[in-house]
Amino acid sequence: MKIFWGLVAFVPIIGSVAGAVPPLVLVFAGDSLDVLWILLEYVAIQQIESNLLTPLVTQRAVSLHPVVFIASVTVAGAAFGVLGALLAVPTTVVAGVLVDELWFRRLEGKETSGSSQ
């Protein structure tokens, strides 16, 4: 079950819910208290992974601030659905590199050439 949950966790928003359904259905055959514990486990793991680990790993891997990461996934997911949420971080990183290279480097080049005259 954990392997299935890990595979569907790549799909933002609905992946964690889809991963929690099979264990919850299987545990319904047993004690109802077990359902509560399984549900609490999935919610706790999902919250820690989504709100703490993923932004920190992304910040180290692509130098993207966690707030920018969460905001880009939220906005792109709301605008373009699951595909937008999947492509939000790579698109944000590419846009940041383009702005840095095309805008800031050009401004730095004009300042150095203008001050030498």
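Criterion applied to V73, V89, V82, V68 was being more than 19 Å from I14 (Cβ to Cβ) and either surrounded by 13 or more Cβ atoms within 10 Å (Cβ to Cβ) or not assigned by TED's automatic domain parsing to the domain that holds G15 (or both), and the one residue passing it is V68.
Look at region 49-65: where a residue is closer than 27 Å to V99 by Cα and a partner is aliphatic (A, V, I, L, M) and in a helix (DSSP H, G or I), sitting 6+ places away or on another chain with Cβ atoms under 6 Å, you get V62/V93.
Do any helices (runs of 4 or more DSSP H) entirely within region 28-117 hold 3 or more residues that are modelled with pLDDT of 90 or more and of a type in the set (S, T, N, Q), and if so, which? Outline the logic, then answer.
Numbers: elements: 32-48, 54-62, 66-99, 105-115.
Of the helices (runs of 4 or more DSSP H) lying wholly inside region 28-117, those with at least 3 residues that are modelled with pLDDT of 90 or more and of a type in the set (S, T, N, Q) span 66-99.
What's the number of the only condition in (1) more than 29 Å from V99 (Cα to Cα); (2) surrounded by 11 or more Cβ atoms within 10 Å (Cβ to Cβ); (3) more than 13 Å from the chain's Cα centre (by Cα) that G30 fails to meet? Going through (1) more than 29 Å from V99 (Cα to Cα); (2) surrounded by 11 or more Cβ atoms within 10 Å (Cβ to Cβ); (3) more than 13 Å from the chain's Cα centre (by Cα) one by one, G30 breaks only (2).
The values are calculated or read from the model by the stated rules, or taken from the named source; none is laboratory data. Because the structure is predicted, anything quoted here is derived from the model rather than measured. FYI the Cβ positions are ideal-geometry reconstructions off the backbone, even for glycines, and counts take in every protein chain you see.
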